[in-house]
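Structure first, then comments.
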Amino acid sequence: MKLNKVLKRVAKIESLTSDVMQRLSKSTPHLSEVLKDLKAAVARAKEAVSARASSPAAKKKKAPSRKKGSSKKTAAKAAKAKTAKKVVRVKRTVKKAAAKRTVKKAAVKRTAPAPKPPAETTVQEPTPGD
């Protein structure tokens, strides 16, 4: 993960922790102690990340090296890119087909008649003459 992104996330965590600490009632001192510890740990993490970001090694970026015989690699990459696009297209069509099937099933369920309750059967009682 990039250092700037880490710094942003750590700052967000720090602000959320401060917000929770302010909203927390004073009747729960054990929770406030835990939040203070959390805030201190987040501050230490923020310092460590910012120190790493400001170091000279982090500022120095490597320039991509280019070799003369890289035309074959470029052609291979282009071929891979084309096949990757095909794979994405295939996946999209498969997803669309699956979505259509689920829509059809839902439509069939909606239009299917509700099951009828069983008809009442009459029981014939024996006649007294039998």
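Right, residue 28: hydroxyl-bearing (Ser, Thr, Tyr) and in contact with a helix residue (DSSP H, G or I) (Cβ under 8 Å, 6 or more places away or on another chain) or not? Before you say what the answer is, go through the steps one by one.
Numbers: hydroxyl-bearing (Ser, Thr, Tyr): yes; in contact with a helix residue (DSSP H, G or I) (Cβ under 8 Å, 6 or more places away or on another chain): no.
In short, no.
Scanning region 103-116 for residues that are modelled with pLDDT of 75 or more and either surrounded by 10 or more Cβ atoms within 10 Å (Cβ to Cβ) or not in a helix (DSSP H, G or I) (or both), which turns out nearest to the chain's Cα centre (by Cα)? The qualifying residue nearest to the chain's Cα centre (by Cα) is 103.
Sub-7 Å Cβ pairs linking a first residue in region 1-28 that is under 19 Å from residue 44 (Cβ atoms) to a second residue that is assigned to a helix (DSSP H, G or I) and of a type in the set (Val, Ile, Thr), at least 6 apart or interchain, are 3/49; 6/49; 7/49; 10/42; 10/49; 13/42; 14/42; 17/42, ordered by first then second residue.
The values are calculated or read from the model by the stated rules, or taken from the named source; none is laboratory data. Because the structure is predicted, anything quoted here is derived from the model rather than measured. All Cβ positions, even for glycine, are placed from backbone atoms using ideal geometry, and neighbour counts span all protein chains on display.
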